[in-house]
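Student: Before I ask anything, let me first share the structure, which is written out below as C-alpha cells.
None of the figures in this text is laboratory data; all of them are computed from the coordinates on show. Bear in mind that the values here come from a model prediction, so they are computed numbers and not experimental data. When we count neighbours, we look across all protein chains shown, and the Cβ atoms used for this are built from the backbone with ideal geometry, even at glycine.
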Amino acid sequence: MTTADVALLVLLLLILFVIVVIVRTVKIVPQQVSLIIERLGKFSRTLEGGLHFLVPFVDRVRASVDLREQVVSFTPQPVITSDNLVVNIDTVIYYSVIDSKSAVYEIANFIQGIEQLTVTTLRNVIGSLDLEQTLTSRDQINAQLRGVLDEATGKWGIRVNRVELKAIDPPRSVQDSMEKQMRAERDRRATILTAEGIKQSAILTAEGEKQSQILRAEGSAQARILETQGQSRAITQVFEAIHRGKPDQKLLAYQYLQVLPQLARGDANKMWIIPSELTEALKGIGSALGGKDTSEPGDAWVDTGEVMPTAFDETTLEDPAKALAEARGQAAGATREAEAHATTSDRGRSTGRPAADSLEAQASALHDSELNKDQNPPDLSR
C-alpha cells in the first residue's frame with residue numbers, strides 16, 4: 001500500500017467520523033414529542049419540539065414520549081355484581097402524558113399500570129351495584145373510574161381524560177330472561193292500550209247511539225204531534241162541513257155504493273162482509289128511485305154561524321139522478337172489466353188477483369141489479 005492510499009483511507013475515516021459526530025450532536029424534535037436526554041447515564045434534560053444540540057458520546061436519548069392524547073382499549077374483564085352475576089365489561093381509556101420524565105422514570109410501563117388499575121377499580125365499583133344498576137348507571141361508573149384513575153396516575157405524569165364502558169355483557173341466560181321480561185312488558189302495555197282503545201270506542205259508540213235514539217224519539221214525537229194535529233184539524237173541518245150540509249139518506253146511500261167495490265179488493269180475500277147499514281142504504285136508493293122523500297121537515301140547511309173558511313166551503317152536492325146515472329155507468333164498466341179479467345184468468349191464469357176481481361165483479365153486478373130494479377124499493381127489513 002502506498003502513502004497516497006493510506007492518506008485517502010485516513011481522510012475517508014475522518015469524514016465518516018465527522019458525519020457521525022454531526023448526527024449525534026444535532027437533534028430535530030417534532031411537535032408534541034418529548035425526548036428524555038441522559039448524560040453519562042443520568043437524567044440531563046427534556047427536549048421539546050425544535051432544533052437542539054447534544055454533546056456527542058456524552059448525551060444520549062433515553063426515550064421518546066408522545067404528548068398527544070392517546071386511546072387504549074382493554075380486553076373485556078369479568079366482574080361480579082352485588083347480586084352474584086358475572087358480567088363482561090369492555091373499557092376504553094383516554095389519557096395524555098403531561099410529564100414525560102415521570103412517565104419514564106416513575107413506572108416501567110404506564111399502559112400496563114393503567115390497565116391493571118382500571119380492572120381493580122372497576123371490580124370495586126361494580127361489586128357494590130346489582131345488574132340493573134350496572135346497566136343503567138354508566139355515567140356514574142365512568143365518573144368514579146375517572147376520579148380513581150386520575151388520582152392514581154398523577155404521580156406517573158399521566159392524566160386520564162375520560163373513561164368509557166364500551167360494552168356490558170351479562171350471561172346468555174340472563175339476556176334471554178331480560179328479553180322475555182321486556183317482551184312481556186311490551187305485550188302488557190300493548191294489551192292495556194288496546195283495552196283502553198276498545199273502551200273509548202265503546203263509550204263513543206254508546207254515546208252516539210244514545211244521541212241517535214234521542215233524536216229519533218224527538219223526531220217521532222214531533223211527527224206524531226203534527227200528524228195528530230193534522231187529523232184533528234181534518235176531522236174538525238169534515239165534521240163542520242157535514243154539520244152544515246146536513247146530508248140526507250140519498251147521499252149516504254151513494255157513498256155506500258162507491259165504497260162497496262173496494263171491499264172485494266185484495267190478493268188474499270176469499271170472502272167479504274156486507275155491513276148491516278147496507279140495508280138502510282138500499283132503502284135510501286129505493287126512496288130516491290121511487291120519488292119518496294124520507295127527509296123530515298126540519299132537515300133543511302141550517303147555518304150554524306160564522307166558521308173558519310175550509311176546503312169544503314165551495315163544495316155543492318150533485319143532483320141524485322145525475323149521481324145515480326154516474327153510479328150505473330161505473331157499475332157497468334166494472335162489470336165489463338170483471339168479465340174480461342175472468343176470461344183472461346180462465347185461459348192462462350196469468351194474473352195474480354182472480355179472487356179479488358171476481359169479488360169486485362160480483363159487487364158491481366149486485367149494484368147494477370139493484371139499480372135496475374123497479375123504482376119501488378124492496379122490503380129489506382125481513
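Student: Per-residue HN-Hα couplings for segment 146-153, Karplus 6.51 cos²θ - 1.76 cosθ + 1.60 at θ = phi - 60°, whole Hz, x for Gly and Pro?
Tutor: Result, rounded to whole Hz: 5, x, 5, 5, 5, 5, 6, 8.
Student: Explain nothing, just compute: Karplus ³J(HN,Hα) = 6.51 cos²θ - 1.76 cosθ + 1.60, θ = phi - 60°, for every residue of segment 78-89 in order, whole Hz, x for Gly and Pro.
Tutor: For segment 78-89, the Karplus curve yields x, 10, 9, 7, 5, 9, 6, 10, 8, 10, 9, 10 Hz.
Student: Another one. With 15 Å as the cut-off, how large is the P(r) tail for segment 24-66, expressed as percent of Cα-Cα pairs?
Tutor: Within segment 24-66, distances greater than 15 Å cover 32 percent of Cα pairs.
Student: Counting other Cβ atoms within 10 Å, which chymotrypsin sites (Phe, Trp or Tyr not before Pro) in segment 10-75 have at most 14 and lie in a DSSP loop?
Tutor: 57
Student: Here's another thing I want to ask about it. What's the extension gain from residue 203 to residue 86 if we count 0.36 nm per residue and subtract their Cα-Cα distance?
Tutor: 37.0 nm
Student: Under 5 Å between amide hydrogens, which residues at least 5 positions from residue 130 or on another chain qualify, with H placed 1.01 Å from N in the peptide plane?
Tutor: Amide H neighbours of residue 130: 82.
Student: Amide H to amide H, which residues 5 or more places from residue 52 or on other chains are under 5 Å from it, using H placed in the peptide plane?
Tutor: Amide H to amide H, under 5 Å and 5 or more residues apart or across chains, residue 52 pairs with 27, 28, 29.
Student: In addition: Of the GluC sites (Glu not before Pro) in segment 31-70, which ones lie in a loop per DSSP and count no more than 16 other C-beta atoms within 10 Å?
Tutor: Qualifying residues, ordered by number: 48, 69.
Student: Pick out, in residue order, every one of the trypsin sites (Lys or Arg not before Pro) in segment 1-71 that is DSSP loop and has at most 13 other C-beta atoms within 10 Å; say none if there are none.
Tutor: Those satisfying the criteria are 68.
Student: Something else now. Quick one: 163, 71, fewest Cβ neighbours within 10 Å first, how do they rank?
Tutor: Neighbour counts put them in this order, fewest first: 71, 163.
Student: Starting from the amide H of residue 98, placed 1.01 Å from N in the peptide plane, find each other amide H under 5 Å away whose residue is 5 or more places distant or on another chain.
Tutor: Excluding prolines and chain starts, which carry no amide H, the hits are 158, 159.
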